[in-house]
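This report concerns only the one structure given below.
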Amino acid sequence: MPTKTKFIVVTGGVLSGLGKGITTASIGHLLGSKLRIVPIKCDGYLNTDPGTMNPIEHGEVFVLDDGGEVDMDFGHYERFIGVNCKFEWNLTMGKVYQAILDRERRGDFLGKTVQLIPHVTDEIKSRFLHIAEIERADICLVEIGGTVGDMENELYLEAVRQLAHELGKQNTLFVHVTYVPFPQNVREQKSKPTQQSVKLLNERGIFPDVIIGRSESPLDPSIKAKIAGFCNVPAEAVISGVDVDTVYEVPLIYDEDGLTEILHKNLGIYSPPKFTVWRKLVDKIKHPSREVNIAICGKYTQLRDSYASIIEALIHAGAENDARVNISWIETTAIEDRKITAEKALEGIHGVIVPGGFGTRGIEGKIEVIRHCRENAVPLLGICYGMQLAVVEFARNVCKIESAGTAEVVEDGGECEAQVVCYLPGQGNIDRKGGTMRLGGQDVLLKAGSRAEKLYGTTKIRERFRHRYEVNPDFVEQLEAEGLIFSGTTPDGSIMQVLELAEHPFFFGTQYHPELVSRLERPAPLFRELVRKALEGAE
Ligand code: GLN
């Protein structure tokens, strides 16, 4: 199978949560200056994609421009590598099995027993090679989900083992991310967990070329030598993955510890990283001169990963504004249940985000938060559901449509007379939940002369969506008559996509998710302005 693409495979050992996604993204960052890097993530679960999973269970569902709902690691890939990823680059066991079962029913395997090996492993390999080819990738950066030894990822490991054998040493490189603990009682770094997880890989016929040891402090030369000796790698291929203040520092510390060089050497490539702007921004994140408090008011606040891209977008906006953004998490169910008032919950807060969400639990709390922000000049960005609820709040309290609500309440078994937020056309009778929302990148037309236009500096933008409901077109005139400005719509004007208020320091709602396209070097304009306005209030 001839391919010019080289493959870097990243596996994880010892425990989950070591930041394998950030490591993979960082490797992409290190090599991306001259080479076309295509990240591929392999997940072991049987869902076709994470779109149907609860964010508390799985973390944020990242939405790609092509409409794919993918693992949140794709957020890291896009932010660190600067590529626009595709749905196809997220393999799940669900997708792989489905393709095989479809082919089996079609009769493609007639006469054969369809087996995990070779059929599933062949399917995985052919997907890798297909992506490599159509993307003309210089490097496919394959991240295998989970930890070596997990049953559900075995077939991916077997597939990459075979692939490495077929493509040859000079075209494949294995990076293993492990954990090097520093137990308090012995007060020295320990290599045994790394040795054991490398053994697990070896049993599967995989011999890592680079080992990244995640640890609290830099790896001691003696522990590097020990890992090198026991795991069959040169000492310079054992890299310190020391804990850092901000994930954006990770490419920098890997580079300093020689990772770029070893990747170049092993793969026979040359693509030195360009850090100038990145380094400056990292420095701003680490040493800001100001601070501001922003609240995220939602119902998935137990798991920060549910709002991963929002957190990142705030970091980007903070760096640009030379400010540390302290995030407060406000559980809107508590406001809804009258355990605390919105006013009390927002004490000391300079800016508010009401993020996207689903279902009806906690929404009355969100509406209260929005009311407080509108009436008290607190900067507010409502995202997706947050925008829809800003419309509900405005309809109730300004337009005096007391029964105003969203059709989502009815979907949940409740009642709502004046549906100022209704189903998007064609969404009302969908019974298949997976991949059926209005998804992905869409053009947004900004009204000339609006604040939105000023902030974006253009009237035509492209943003990413994930929703079933929209502002009810029948109410738009009435809402606008009372002062709500719909400053962004679909190019044909049919779907309201941005709202703003004139007499307010910053009151914005977006039907799209601006956080998904925010980058450290190019913060989302609305996040940038939210933080700027919040800072004005803080000073
Ligand atoms: N639940 C709302 C809808 O489907 C909002 C979705 C979201 O916030 N992503 O339209």
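The values are calculated or read from the model by the stated rules, or taken from the named source; none is laboratory data. Worth saying up front: this structure is predicted, and the values here are computed from it rather than measured. Because the Cβ atoms are built from the backbone with ideal geometry, glycine has one as well, and the counts that use them run over all protein chains shown. Note: accessible area is taken over every heavy atom of the protein model, side chains too, but ligands, DNA and RNA are not part of it. Shrake-Rupley method; radii C 1.70, N 1.55, O 1.52, S 1.80 Å.
When its C-alpha radius of gyration is set against 2.2 N^0.38 Å (N residues), the chain gives a value of 1.03. Can you compute the label reach from A235? Point 7 Å from Cα along the Cβ direction, backbone N cut-off under 14 Å, restricted to region 213-229. Of the residues in region 213-229, 219-229 have backbone N under 14 Å from the label point off A235. The sum of -39500 (n - 2.57) across all DSSP H runs of n ≥ 4, divided by the residue count of the chain, sets its helix-only mean residue ellipticity at 222 nm to -11000 deg cm²/dmol.
Shown are E477, E529, whose ranking by accessible area with a 1.4 Å probe and every protein chain present, most to least, is E477, E529. Amide H contacts of K6: I139, C140, each under 5 Å away and 5 or more positions distant or on a separate chain (H built 1.01 Å from N in the peptide plane; Pro and chain starts excluded).
What the phi angles of region 18-26 give under the Karplus curve with 6.51, -1.76 and 1.60, with θ = phi - 60°, is a coupling list of 8, x, 5, x, 5, 4, 4, 4, 5 Hz, glycine and proline written as x.
Out of all DSSP beta bridges in the chain, what portion is antiparallel? Express it as a percent rounded to 5.
Numbers: 24 of 76 bridges.
DSSP beta bridges in the chain are roughly 30 percent antiparallel.
In this simple spin-label model, placing a label point 7 Å from the Cα along the Cα-to-Cβ direction at both K400 and E480 gives a separation of 2.3 nm. For region 228-382, the relative contact order works out to 20 percent when only alpha carbon pairs closer than 8 Å and six or more residues apart are counted.
Estimated at the nearest 10 Å², the accessible area of D431 is 130 Å² with a 1.4 Å probe.
Each part reduced to its alpha carbon centroid, region 337-379 and region 51-90 end up 28 Å apart.
Stretched out straight at 0.36 nm per residue, the stretch from A502 to N84 would grow longer than its current Cα-Cα span by 147.1 nm. Expressed in Å, the radius of gyration and Dmax of the Cα atoms of region 99-141 are 12.9, 38.
With R₀ set to 35 Å, the beta-carbon distance separating V410 from E57 gives a calculated FRET efficiency near 0.85. Taken over region 1-129, the percentage of Cα pairs per 10 Å bin, counting from 0 up to the bin with the maximum distance, is 11, 37, 35, 14, 2. Ordering L101, G82, C42 by the projection of their Cα atoms onto the charge dipole of region 39-123, which places +1 on the Cβ of Lys and Arg and -1 on the Cβ of Asp and Glu, puts L101 at the extreme positive end. Note: relative contact order over the chain, using C-alpha pairs below 8 Å and six or more positions apart, is 15 percent. In order along region 192-209, the phi-based Karplus estimate (6.51 cos²θ - 1.76 cosθ + 1.60, θ = phi - 60°) of 3J(HN,Hα) comes to 4, x, 5, 4, 5, 6, 5, 4, 4, 5, 4, 4, 8, x, 10, 10, x, 8 Hz; Gly and Pro are listed as x. Both numbers refer to the Cα atoms of region 413-532; Rg and Dmax are 15.2, 45 Å. The order of T113, T23 by accessible area, most exposed first and with a 1.4 Å probe, is T113, T23.
Converting the Cα gyration tensor eigenvalues of region 201-270 into ellipsoid dimensions via √(5λ) gives semi-axes, longest first, of 20, 16, 11 Å.
Relative contact order of region 296-370: 45 percent, from C-alpha pairs under 8 Å at least 6 residues apart in sequence. Starting from the 7 Å offset along Cα-to-Cβ, what nm value, one decimal, do you get for the label separation of S126 and K280? For the pair S126/K280, the computed spacing is 5.0 nm. For H350, the solvent-accessible surface with a 1.4 Å probe is about 50 Å², rounded to the nearest 10. Using a 1.4 Å probe over the heavy atoms of the protein chains, calculate the carbon and sulfur portion of the accessible area of the chain as a whole percent. That fraction is 49 percent. Working note: Karplus 6.51/-1.76/1.60 with θ = phi - 60° gives region 51-58 the couplings x, 9, 8, 5, x, 5, 7, 10 Hz, where Gly and Pro are set to x.
Largest accessible area first, the listed residues K4, K125, K344 line up as K4, K344, K125 when surface is computed with a 1.4 Å probe on the assembled protein chains.
With the cut-off at under 16 Å, measuring from each backbone N in region 203-233 to a point 7 Å along the Cα-to-Cβ line of Q195 picks out 203, 222-233.
Solvent-accessible surface of region 310-464, averaged per residue with a 1.4 angstrom probe and all protein chains in place: 43 square angstrom.
Listed cross-link partners K224/K286; K454/K533; K447/K533; K6/K34; K95/K460; K4/K41 are compared with a 25 Å cut-off, the Cα-Cα value being larger for K224/K286; K95/K460. For I239, the amide hydrogen comes within under 5 Å of the amide hydrogens of I211, I212, G213, counting only partners 5 or more places away or on other chains and with H modelled in the peptide plane.
Place a point 7 Å from Cα of D150 in the direction of its Cβ. Which residues in region 2-21 have their backbone N less than 17 Å from it? What the label zone holds, given the 17 Å backbone N cut-off, is 9-21.
Spin-label model, R204 to D220: label points 7 Å out along the Cα-to-beta-carbon direction sit 3.1 nm apart.
Remark: the D305-R103 segment gains 69.1 nm on full extension, using 0.36 nm per residue and subtracting the alpha carbon distance. If the chain linking K34 and E261 were pulled fully straight, counting 0.36 nm for each residue of separation and taking away their Cα-Cα distance, it would gain 80.2 nm.
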